[in-house]
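Engineer: Structure provided below as structure tokens; questions to follow.
The values are calculated or read from the model by the stated rules, or taken from the named source; none is laboratory data. These numbers were taken from a predicted model, which means no experiment stands behind them. Every residue, glycine as well, gets a Cβ built from its backbone with ideal geometry; the counts of neighbours run over all protein chains shown.
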Amino acid sequence: MGRRFKLEQIQIIPKPRSEVFAFFADARNLERLTPDFLGFQILTPGPIEMKAGASIDYSIRLYGVSLKWRTRIEAFEPESRFVDTQIKGPYRYWHHLHEFEEVERGTRMRDIVDYELPLGPLGTVARALFVRKSLERIFGYRRQAVIEIFGEL
């Protein structure tokens, strides 16, 4: 088993939690939140009912290589949280918690991604060289996209 890493991002969105959660619980919106360099496409025919046990298939391009990615919704608590985990894809382990909390000026959204790369020590080196930066770039893009969609405080 390799080493697990964590990425965490918190963003305050100036909209009600019900509106923010509904947007993130709609899998079609993932394309709006993903940078073009990933060549991200949802392969699962719609509409996709978000609920515990749902599986979603995607196509992505990482470092010029096309990959299939399948996630499963492990937990789904409307307006509060949901968790997706990788069933098949580029990571050895991927667990993404999306939490939504009503706060004074809108909604506090928190993402916590726990991940592990394949190839043991080589995966750790790959993370240091480019994977960590790529994930930061992807989540930075997502942060900016959320601002463009919902506005900023």
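Engineer: Here is a list: Arg92, Arg72, Arg61, Arg81. Which entry is over 21 Å from Ile112 (Cβ atoms), surrounded by 14 or more Cβ atoms within 10 Å (Cβ to Cβ) and out of contact with any Lys or Arg (no Cβ under 7 Å at 6 or more places or on another chain)?
Structural biologist: Arg61
Engineer: Quick check on this structure: which one of Glu49, Glu99, Glu31 is under 15 Å from the mean Cα position of the chain (by Cα) and not in a strand (DSSP E or B)?
Structural biologist: Every option except Glu31 fails the conditions.
Engineer: I'm told Glu152 meets every condition in (1) surrounded by 13 or more Cβ atoms within 10 Å (Cβ to Cβ); (2) at pLDDT below 95 except one. Can you identify the failing condition by its number?
Structural biologist: (1)
Engineer: Additional query: Pick out the one residue from Arg28, Arg17 that is loosely packed, with under 14 Cβ neighbours inside 10 Å and under 23 Å from Arg143 (Cα atoms). Give the derivation first.
Structural biologist: Working: Arg17 fails: loosely packed, with under 14 Cβ neighbours inside 10 Å.
Only one candidate passes the filter, namely Arg28.
Engineer: Can you pull out the residues in the range 95-110 that are loosely packed, with under 14 Cβ neighbours inside 10 Å and either free of Cβ contacts under 8 Å to residues at least 24 places away in the same chain or within 30 Å of Ser66 (Cβ to Cβ) (or both)?
Structural biologist: Glu104
Engineer: Restricting the search to the range 1-53, which residues are within 16 Å of Arg81 (Cα to Cα) and acidic (Asp, Glu)?
Structural biologist: Residues satisfying the conditions are Glu8, Glu19, Asp26, Glu49.
Engineer: Let me ask something else about it. Are any residues in the range 54-81 touching an Asp or Glu at 6+ places or on another chain (Cβ under 8 Å), within 29 Å of Leu153 (Cα to Cα) and in a strand (DSSP E or B), and if so, which ones?
Structural biologist: Correct list: Arg81 only.
Engineer: Go through the range 55-65 and give me each residue that's within 10 Å of Phe40 (Cα to Cα) and among the polar types (S, T, N, Q).
Structural biologist: Ser59
Engineer: Only residues in the range 41-68 that are closer than 24 Å to Leu135 by Cα and without any contact (Cβ under 8 Å) to a residue 24 or more places away in the chain count as the first member; pair them with residues that are among the polar types (S, T, N, Q) and loosely packed, with under 12 Cβ neighbours inside 10 Å, Cβ under 7 angstrom, at least 6 apart or cross-chain, and list the lot.
Structural biologist: Final answer for the pair search is Ser59/Ser66.
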